[in-house]
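Colleague: My questions all concern the structure below.
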Amino acid sequence: MQKYLLILVVYLLELNVAIAQDTSAKEKDNSKPTNVYSQVDNFLEFTRYKTYNTFGYNPKLSYTPNEDNALNIEMPLLYSTKTGKFGLSDIRLRYFYIPYRDYSKTFGAFGVSVDMFVPTGKFEDGLGSSSWRFSPGFTFGLILNQSQTISAFPVISYIYTTEPTASSIPEELREVDHGLNAQVITSFVLSEDAFILVTPIYDLKDIQDEKEDDFMIEIESVFDIAKDKYQIGAFYRGAFISESHTFRIFFTVFL
């Protein structure tokens, strides 16, 4: 298994080099999340939980056949200190359809999305949830100043989580969850080459169980190192009720 994961990592690294020179002539502006592009994001990730940590490489491949549609896939390759195991965690697939953009207006964008987690990681190895998760939602953009340097993108999603299948999960925890997620991605453009995204998130895993609510904050800083070709950045997510903290540094290559 580890042999095939190594081959996958090498392939993705080679893919980054191969596509680096194939960029669009149109200037890219991903400070607004309703702008979508074909790209490869290479994340080095560390997450601290209450009793253990995970870390590894989490690549995200984005394909945009046109400016209104995008398909993303994330394939985390992680090591768990809880079990001493390394392998593929749960794969994440996302689809975006953004039919309206006009950043010259206050109501600057509208789109819908479908987010899905596939239980490819082994729960017993500390690498997966053993549940499918489906999350349809919608977003819209609010342009908050005339120079378009401050904008907010509220996102509302319904979350359906299937019953976990891992045999080691207690019977009382085997249930189907119906939840909600509300977040506001707030973008601050600092210069032509840098921006910051700040996102407060309220996550309700199950509408009928308030004990599983969580409040999170995400902060992402992005810097252009070659306009429309390469970006670097840093990311932090803090979940303050479940007490987990994720740190990432990343390198982006636009296709």
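This table checks each residue for (1) surrounded by fewer than 19 Cβ atoms within 10 Å (Cβ to Cβ); (2) within 28 Å of LEU204 (Cα to Cα).
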position	(1), (2)
LEU71	yes, yes
GLU74	yes, yes
SER80	no, yes
THR83	yes, no
PHE86	yes, no
ARG94	yes, yes
TYR103	yes, no
PHE110	yes, yes
GLY128	no, yes
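Colleague: Continuing with the same structure: Sort through PRO119, PRO136, PRO154 and tell me the only one that's at pLDDT 95 or above and buried (at least 19 other Cβ atoms within 10 Å of the Cβ). Before you say what the answer is, go through the steps one by one.
Modeller: Details: PRO136 fails: buried (at least 19 other Cβ atoms within 10 Å of the Cβ); PRO154 fails: buried (at least 19 other Cβ atoms within 10 Å of the Cβ).
Step by step, each of PRO119, PRO136, PRO154 is checked, and only PRO119 is at pLDDT 95 or above and buried (at least 19 other Cβ atoms within 10 Å of the Cβ).
Colleague: Follow-up question, since we're still on this one. Just need a number here: residues in the range 221-240 that are in contact with a Phe, Trp or Tyr (Cβ under 6 Å, 6 or more places away or on another chain) and of a type in the set (Val, Ile, Thr).
Modeller: The qualifying residues number 2.
Colleague: Which one of ILE143, ILE156, ILE91, ILE98 is touching a residue at least 60 places away in the same chain (Cβ under 8 Å) and of a type outside the set (Gly, Ala, Ser)? Don't jump to the end; show me each part of the working.
Modeller: Details: ILE143 fails: touching a residue at least 60 places away in the same chain (Cβ under 8 Å); ILE156 fails: touching a residue at least 60 places away in the same chain (Cβ under 8 Å); ILE91 fails: touching a residue at least 60 places away in the same chain (Cβ under 8 Å).
Within the list ILE143, ILE156, ILE91, ILE98, the selection yields ILE98.
Colleague: Scanning for something more than 23 Å from ILE156 (Cα to Cα) and of a type in the set (Lys, Arg), does the range 84-99 turn up at least one residue? I'd like the intermediate steps shown before the answer.
Modeller: In the first step, residues of the range 84-99 are kept if they are more than 23 Å from ILE156 (Cα to Cα); the result is 84-89.
In the following step, the residues that additionally are of a type in the set (Lys, Arg) were identified as 85.
Checked the range 84-99: at least one residue is more than 23 Å from ILE156 (Cα to Cα) and of a type in the set (Lys, Arg).
Colleague: Let me ask something else. Cβ-Cβ distance below 8 Å, separation of 6 or more or different chains: which pairs start in the range 163-175 with a residue that is over 15 Å from ASP206 (Cα atoms) and end on one that is part of a loop (DSSP other than H, G, I, E, B)?
Modeller: THR165/PRO119; THR165/SER130; THR165/SER131; ALA166/SER130; ILE169/SER130
Colleague: Would you say ALA152 is in a strand (DSSP E or B), touching a Leu at 6+ places or on another chain (Cβ under 6 Å) and not polar (S, T, N, Q)?
Modeller: Working: in a strand (DSSP E or B): yes; touching a Leu at 6+ places or on another chain (Cβ under 6 Å): yes; not polar (S, T, N, Q): yes.
Answer is yes for this residue.
Colleague: Let me ask another. For the subset of the range 62-82 comprising residues that are under 13 Å from the mean Cα position of the chain (by Cα) and assigned to a loop (DSSP other than H, G, I, E, B), which member is nearest to ASP102 (Cα to Cα)?
Modeller: Filtering the range 62-82 down to residues under 13 Å from the mean Cα position of the chain (by Cα) leaves 62, 71-76.
Imposing the further condition that a residue be assigned to a loop (DSSP other than H, G, I, E, B) reduces the set to 75-76.
Details: MET75: 33, PRO76: 35 Å.
Top of the filtered list is MET75.
Colleague: May I pose another question? In the range 239-255, how many are surrounded by fewer than 17 Cβ atoms within 10 Å (Cβ to Cβ) and either more than 14 Å from the chain's Cα centre (by Cα) or at positive phi (or both)? Spell out how you get there, then give the answer.
Modeller: Narrowing the range 239-255 to residues surrounded by fewer than 17 Cβ atoms within 10 Å (Cβ to Cβ): 240-243, 245, 247, 249, 251.
Subsequent filtering for residues that are either more than 14 Å from the chain's Cα centre (by Cα) or at positive phi (or both) retains 240-243, 245, 251.
Of the residues in the range 239-255, 6 are surrounded by fewer than 17 Cβ atoms within 10 Å (Cβ to Cβ) and either more than 14 Å from the chain's Cα centre (by Cα) or at positive phi (or both).
Colleague: Quick one: in the range 215-255, which of the residues that are in contact with a Pro (Cβ under 8 Å, 6 or more places away or on another chain) and among the aliphatic types (A, V, I, L, M) is nearest to ASP203 (Cα to Cα)?
Modeller: Here the answer is MET216.
Colleague: May I pose another question? Could you list, in sequence order, the residues of the range 178-210 that are in contact with a Phe, Trp or Tyr (Cβ under 8 Å, 6 or more places away or on another chain), hydroxyl-bearing (Ser, Thr, Tyr) and closer than 19 Å to THR34 by Cβ?
Modeller: Correct list: THR186, SER187.
The values are calculated or read from the model by the stated rules, or taken from the named source; none is laboratory data. Note that the coordinates shown come from a computational prediction; the quantities given were computed from them, not determined experimentally. Cβ sites come from the backbone with ideal geometry, for glycine too, and all protein chains shown count toward neighbours.
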